[in-house]
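Notes follow the structure.
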Amino acid sequence: MSKVHVLDHPLIQHKLTYIRDKETGTKDFRELVNEVAALMAFEITRDLPLEEVQVESPVSKATAKVLSGKKLGIVPILRAGLGMVDGMIDLIPAAKVGHIGLYRDPETLMPVEYYVKLPSDIEERELIVVDPMLATGGSAIEAINSLKKRGAKQIRLMCLVAAPEGVEETQKAHPDVDIYLAALDEKLNDKGYIVPGLGDAGDRLFGTK
Ligand code: URA
């Protein structure tokens, strides 16, 4: 079974409080989401492999470390996932960014894929699927299905806030995909919102309603 990591770094938790606050406006909300995404990327990349290289400092020669060429990919689920990308690529500028667009069919309520554009070498990349909200898990499960169908082998899922229902469904569907969260909330309400959550992440990021 995959692992669930709640990244409870004090800076992440502090910023998440202001993200949740309904009085936080679009500009601050967007900045805070990017900042938390960067901090989460910092935590999620803790286990990246390193290799030794020789470098010459102004003082002496030294043996030092650089990332050993593991390729990363960031895959936001449209549209709210876009709000996390800039923060992450500030920290991991060599990562490629793929996009997956899904909408919910009003009749079946199932997610339907309408857009996919991915780096050509996804099978060699460690992919981080990003979406601020893991509610029912439907979109994340479908996005990961889509990546696996196209050859992806190493996938992690990173969300700001999750409901236990979404975590459970995602783990059932994808037991090989670890999940990284800033918070695991209480539940889903009857409208499909995470409680307490932060409202509609896409609307708050883009100022729509
Ligand atoms: N999507 C959101 O944007 N917010 C929720 O609470 C649930 C799904």
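The values are calculated or read from the model by the stated rules, or taken from the named source; none is laboratory data. In this text, all values refer to a predicted model and were calculated from it rather than measured experimentally. All Cβ positions, even for glycine, are placed from backbone atoms using ideal geometry, and neighbour counts span all protein chains on display. Please note that ligands, DNA and RNA were not included when accessible areas were found on the heavy atoms of the full protein model with its side chains. Shrake-Rupley method; radii C 1.70, N 1.55, O 1.52, S 1.80 Å.
Hey, with R₀ at 41 Å, roughly what FRET efficiency would Gln54 and Met1 work out to, going by the Cβ-Cβ distance, to 0.05?
Using R0 = 41 Å, I get an efficiency of 0.45.
Accessible area per residue of the range 4-206 at 1.4 Å probe, in Å²? Provide the component values of the computation, followed by the final result.
Values: 10540 Å² over 203 residues.
Heavy-atom SASA per residue in the range 4-206 reads 52 Å².
Can you give me the relative contact order of the chain as a percent, contacts being Cα pairs under 8 Å and 6 or more apart? Intermediate results must be reported in sequence, preceding the final value.
Values: 406 pairs, mean separation 48.7, N = 209.
Result for the chain is 23 percent.
For Ala163, what is the net charge nearby, where nearby means another residue's Cβ is under 10 Å from its Cβ and Lys, Arg count +1, Asp, Glu -1? Before the final figure, lay out the partial values.
Numbers: positive: Lys187; negative: Glu165, Glu168, Glu169, Asp185, Glu186.
Within the 10 Å Cβ shell, the charges total -4.
List the DSSP H helices in the chain whose Cα atoms stretch 18 Å or more along the helix axis and whose mean Kyte-Doolittle hydropathy is at least 0.0. Write out the running numbers ahead of the final one.
Numbers: long enough: 26-44 (26 Å, 0.36).
Flagged H segments are 26-44.
Fully extended, how many nm does the chain gain between Asn189 and Val112 (0.36 nm per residue separation, minus their Cα-Cα distance)? Don't jump to the answer; show the numbers that get you there.
Details: separation 77, 0.36 × 77 = 27.72 nm, distance 2.26 nm.
Roughly 25.5 nm would be gained on extension.
Nearest 5 percent is fine: what portion of the DSSP beta bridges confined to the chain is antiparallel? Display every interim value, and only then the final one.
Details: 15 of 40 bridges.
So the antiparallel bridges in the chain amount to around 40 percent.
Could you pull out every one of the lysines with an alpha carbon less than 26 Å from that of Lys65, ignoring same-chain neighbours closer than 8 positions?
Lys96
Over the chain, with every protein chain in place, what whole percent of the accessible area is carbon and sulfur at 1.4 Å, could you tell me? Numbers along the way, then the final one.
Values: 5890 of 11160 Å².
Result for the chain: 53 percent of the exposed heavy-atom area is carbon or sulfur.
For the chain, what does the helix formula give at 222 nm: sum of -39500 (n - 2.57) over DSSP H segments with n ≥ 4, over the residue count, nearest 500 deg cm²/dmol? If you can, show how the numbers build up before the last one.
Values: 6 runs with 65 residues, N = 209.
Value at 222 nm, helices only, nearest 500: -9500 deg cm²/dmol.
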